[in-house]
1. Quick one: net charge of ASP72's neighbours, Cβ under 9 Å, K/R +1, D/E -1?
2. Could you tell me which of the pairs LYS144/LYS330; LYS134/LYS290; LYS155/LYS401; LYS144/LYS290; LYS144/LYS335 are separated by over 26 angstrom between their Cα atoms in the structure shown?
3. For region 277-391, what does the alpha-carbon gyration tensor say about shape, rounded, prolate or oblate, given a ≥ b ≥ c as the root eigenvalues, a/c under 1.5 as rounded, and a/b over b/c as prolate?
4. Could you give me the ³J(HN,Hα) list for region 8-14, computed from phi with Karplus coefficients 6.51, -1.76, 1.60 and θ = phi - 60°, whole Hz, x at Gly and Pro?
5. Starting from the Kirkwood radius over alpha-carbon pairs of region 354-409, derive D by Stokes-Einstein at 25 °C in a medium of 0.890 mPa s and give it in µm² s⁻¹.
6. How would VAL373, VAL327 line up from fewest to most surrounding beta-carbon atoms within 10 angstrom?
7. How much net charge surrounds GLN31 when only other residues with a Cβ under 12 Å from its Cβ are counted (Lys, Arg +1; Asp, Glu -1)?
8. Considering only DSSP beta bridges with both partners in the chain, what is the antiparallel share in %, to the nearest 5?
Amino acid sequence: MNAPAGTIVKPAILKWAEQRGTKNPENLKEQFSSWDDWTSGTDQPSLEQVRKIADYTNLPFGLFMLNEPPIDELPIPDFRSGRGNTTNPLATPSRNLLDVIMQSQRRQSWYEDYLAAVGADVPLEFVGSARGLKVTEAAEKIRKQLDYSVSTRAKFNKPDDARSYLVRAFEALGGLVVITSMVGNNTSRPLDHDEFRGFSVQSRLAPFVFVNSHNESFNAQVFSLLHEFAHIWRGESGVSGSSEDNEISRDPRESYTIETARKGDNHDDIERWCNLVASEVAVPSNHLHKEFNPNNADFTGEIKRLASIYKCSTLVVMIRLRELNLVPWKGFSTKYTAELQRLQEVSTETRSGGGNFYLTQRFRIGETLSHAVIRDLRQGRTAPAGALRLLGFRDTAIMDKYAQDYLKEL
């Protein structure tokens, strides 16, 4: 059936929005009583109704003016196992994932322009500096440049100290970090940790790391940070999936052969390299060899003790013990599953919660970007509307209070 004369939006676009928006199709039908007529082409929404559809589905208004549905593709490489470079339906990115990537790219681009405006656009030497290195060499470089030694971690007391330290250490080197569980500050758009755990967007001036904290413990967020840092030090952008749990399926004899046997640019090899580097940064092999007590009959107690030393999850400790052949392969899977179940039962005590809205913005926006935007706004180079978009706030009152409290606290 042909669409009515004066068609504003094509039925195919509405059907695409039904599948690609952030609302359940049944909710769309409840919200818009003529939805079925619009998607069948027997009737047309007004321009104002199209704007409401765009707002309701969290899709850009301009997409509704296209003649054909857009092809949803990630703007950066996909390193998630089973999703990158495949026709698997899981490879189709959600609107939430696409939006946070595009927001991150806009923030990175703005910050690069800001650095040029203030005469600080100097290439960062650490970006890409670990490409071609062995796992242990890359991890040592990253650990030293972040000053993330085991002795440094001994000073951490609170569950989120390691996370806060790593964020500030990376930003001190010139990078940008966002850790959040949602798109912007929209609690109705939570990120799916099964879809992705984080991503990195490369830049010699302002490398950007994003970590999905939804339903993730502080320890899991730390590992995701280290994994994305490995991507930055390697010099490659990309979206990452689970970095901890998928290691259990591998034969431990593979662990370090990848250092010399796999030097290609295959996505699985790159992701494996980044996992190994993150593990080595978190739990240095030479230190673990000396610290692990194989005679401790209380295995759970032993891995908890080690986790407290390295400020990481017990799962990472277990994987490291297996990778280094410090525990037998036989029966390891059973122990790993038991520890995973134990952690799930106590996970609420180590997951990040809501907290003070303004203080959480240091992670949702990033300290470095916040300082730059607020400073540029006060100096008149960035307009209030532009600052609101960059910071993700609804109005200037919220932005002003954030700036006041934020700068006072620092």
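Only the coordinates and a few stated rules stand behind these numbers; no lab work does. Here the structure is a predicted model, which is why all the values come from computation and not from measurement. Glycine also receives a Cβ, built like all others from the backbone with ideal geometry; neighbour counts cover every protein chain displayed.
1. Residues near ASP72 contribute +1 overall.
2. Long pairs (Cα-Cα over 26 Å): LYS144/LYS330; LYS155/LYS401; LYS144/LYS335.
3. Because a/c hits 1.5 or more and a/b exceeds b/c, region 277-391 counts as prolate.
4. 8, 10, 6, x, 5, 5, 5
5. Rounded to a whole number, D works out at 220 µm²/s.
6. VAL327, VAL373
7. Counting the neighbours of GLN31, the net charge comes to -1.
8. Once the DSSP bridges in the chain are tallied, antiparallel ones form about 60 percent.
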